């Protein structure tokens, strides 16, 4: 089957041009097909509830093409401040060179998937730019000031366990744990925030200190400023551990990472690689809604 739209230039088609294509509803979204050829390339936009495993999505995508190759990948922020992920894949369909641009807007509650498949090398860059623009201007309307995950580097070789919005990382020897806690809006009611934090976060206020804590100022690579506290301490009835707590804040959110280390191996360098990589939640940008590519119900 022919895959690709007949565009005789390498420039991206105007975003609103997409909505002159034939449209039909698919499960959870919309499929756009080029109006000049029923077998031409397609763009599919689907919204789904729940979180997404990007690794699983990439595996499924690479299985569709013969000799599939990952050409590029990038992560960026949408105009709403959500995280978007976009890859460019190339391969063969019935001996024809094709490109797939596969992107996602990722949130803790839902995700949007935008997928475009096109044939003809002269169309590859334009199509990819179109998908990127659609991702960037996606409007999910989840609200800015809510508890949210944020970008940070993974500790190499540590096992990840997700618990709600909390990311937990366990060392190979199982004697050290890193918690990356969700970003919390600064305006949260103190009592409600304390109750919410009891649902899975380490309750550091219950620690029994065995020495005076050491405190210093720190800064992440992305400009967040905060405080690092280290102390030898234990919860009642539990073994002593080396605890390190890093807290950042900006104008909108509090951020925190915690290391509990009972191992004879010092994991502070690994923990520093994590907390120093913490990136602030992106602030939303004011978009020109009059030309939003998602206003397709207004035609």
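The values are calculated or read from the model by the stated rules, or taken from the named source; none is laboratory data. In this text the structure is predicted, and so the values were computed from the model without any measurement. Heads up, the Cβs are rebuilt from the backbone with ideal geometry, glycines too, and the neighbour counts pull from every protein chain shown.
Listing for the model above:
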| item | result |
| --- | --- |
| Qualifying residue in segment 182-192 (condition: part of a loop (DSSP other than H, G, I, E, B), in the same structural domain as residue 267 (by TED's automatic domain parsing), within 18 Å of residue 267 (Cα to Cα) and modelled with pLDDT of 85 or more) | no |
| Leading residue by the ranking (surrounded by the most Cβ atoms within 10 Å (Cβ to Cβ)) among those in segment 108-129 that are more than 14 Å from the chain's Cα centre (by Cα) and within 25 Å of residue 283 (Cβ to Cβ) | 114 |
| Filter pass, residue 174 being modelled with pLDDT under 85, out of contact with any helix residue (DSSP H, G or I) (no Cβ under 6 Å at 6 or more places or on another chain) and either assigned to a helix (DSSP H, G or I) or exposed (fewer than 15 other Cβ atoms within 10 Å of the Cβ) (or both) | yes |
| Residue ID - surrounded by the fewest Cβ atoms within 10 Å (Cβ to Cβ), chosen from residues in segment 157-171 that are free of Cβ contacts under 8 Å to residues at least 60 places away in the same chain and in a loop (DSSP other than H, G, I, E, B) | 157 |
| Neighbours by Cβ (under 7 Å, 6+ apart or cross-chain): first from segment 23-35, within 11 Å of residue 115 (Cβ to Cβ); second modelled with pLDDT of 80 or more and surrounded by fewer than 13 Cβ atoms within 10 Å (Cβ to Cβ) | 31/24 |
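Listed here are the residues, each with its yes/no results for (1) part of a loop (DSSP other than H, G, I, E, B); (2) in contact (Cβ under 8 Å) with a residue 60 or more places away in the chain.
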{"position": "99", "(1), (2)": "no, no"}
{"position": "112", "(1), (2)": "no, yes"}
{"position": "125", "(1), (2)": "no, yes"}
{"position": "139", "(1), (2)": "yes, yes"}
{"position": "145", "(1), (2)": "yes, yes"}
{"position": "151", "(1), (2)": "yes, yes"}
